[in-house]
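Shown next, in structure tokens, is the structure this report addresses.
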Amino acid sequence: MPKVKIPTPLRQYTAGSPEVEVGGATAGEALGNLATEHPDLRQHLYTGDGKLRSFVNVYKGEEDIRYLEGQDTEVAEGDELSIIPSIAGGFGGERCR
Amino acid sequence: MPLKIGAGDVDRIHEHAREAYPEECAGALVGIDTGGVRVVVDVWLADNTHEEERRRRFLIEPLAVKRFEEQAEEKGMGLLGFYHSHPDHPAEPSEYDREHAWPGYSYVIASVSAENVEDMRSWTLRGDRSGYEEEPIVG
């Protein structure tokens with residue numbers, strides 16, 4: 001099964017584990033299975049309509065899956081996927097408290 | 001949980017915010033989470049690589065975040081969160097901030113004008129993403 005590396009802010013949802021093994025033949029399947037096994041993760045990875053959030057970056061090894069085949073990127077036994085945050089913000093839009 | 005930032009690190013954040021004005025600045029807060037208080041040991045400046053509208057947007061690239069995480073761990077510390085500036089706007093998170101925030105990190109926001117840093121406050125995203133809790137900044 002592929003392994004998924006979990007960034008620090010999300011480890012609270014994987015019982016502190018920095019790395020989780022999940023089933024799946026593609027990156028999308030592996031992430032979906034991860035969110036099913038750790039349901040509190042889902043809202044931080046996916047938008048309400050089920051798309052990966054724009055600041056959630058997924059790397060297979062050293063490569064961003066956006067530059068491979070996206071969520072259809074194949075993963076095999078021993079492959080390592082990493083979820084890597086990008087950090088964005090700014091004052092535009094409504095204030096939020 | 002209170003966020004402890006020493007005067008020297010506060011000065012560096014303020015200086016970065018003033019230098020970047022009227023654009024937004026951003027950087028990483030590195031330190032130790034003691035369980036009762038988060039102690040910032042160092043602040044690391046980041047490049048705002050947002051392609052446009054840097055007066056109201058900032059972006060720290062994923063590989064920069066990964067490098068910060070690895071460097072913090074090498075030093076026996078952790079990535080506690082990030083700071084950014086709001087030029088001519090309050091030190092409060094925006095809806096755009098909330099949409100892009102991660103749980104577990106501290107988000108320090110400095111309100112900066114042409115003259116000075118007017119205010120600085122720290123926020124954490126609620127676990128259900130519904131909004132923020134303010135955390136006190138202590139010296």
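Please give the helix B:7-20 orientation as an angle from the longest Cα principal axis of chain B, in degrees from 0 to 90, rounded to the nearest 10. On a 0 to 90 degree scale, this one is about 30. Taking GluC sites (Glu not before Pro) across the stretch B:81-139, the ones in a DSSP loop with at most 12 further Cβ atoms lying within 10 angstrom of their Cβ are B:Glu115. Electrostatic bookkeeping for A:Gly48 treats Lys and Arg as +1 and Asp and Glu as -1; over the other residues with beta carbon under 11 Å from its beta carbon, the sum is +3. Relative to the longest principal axis of the Cα atoms of chain B, the long axis of helix B:62-74 makes an angle of roughly 40 degrees. Backbone amide hydrogens, once placed in the peptide plane, bring A:Tyr46 within less than 5 Å of A:Arg53, excluding anything fewer than 5 places away on its chain. Near B:Val108, the amide H atoms lying under 5 Å from its own belong to B:Phe82, B:Tyr83, B:His84, B:Trp123; only residues 5 or more places off or on other chains count, and H is placed 1.01 Å from N.
Once Rg and the Kirkwood radius are both taken over the C-alpha atoms of the stretch B:3-138, their ratio Rg/Rh works out to 0.93.
Nearest 500 deg cm²/dmol is fine: what mean residue ellipticity at 222 nm does chain B get from its DSSP H runs of n ≥ 4 alone, each adding -39,500 (n - 2.57), divided by its residue count?
Rounded to the nearest 500, the figure is -7000 deg cm²/dmol.
Using only Cα atoms, what Kirkwood radius does the protein assembly as shown have, in angstroms? The answer is 18.2 Å.
The value of relative contact order for chain B, using C-alpha pairs under 8 Å at least six residues apart, is 26 percent.
We did not get these values from a lab; they are worked out from the coordinates using the rules stated. Predicted, not measured: the structure shown is a model, and the values here were computed from it. For neighbour counting, all protein chains shown are included, and Cβ atoms are generated from backbone atoms with ideal geometry for every residue, glycine included.
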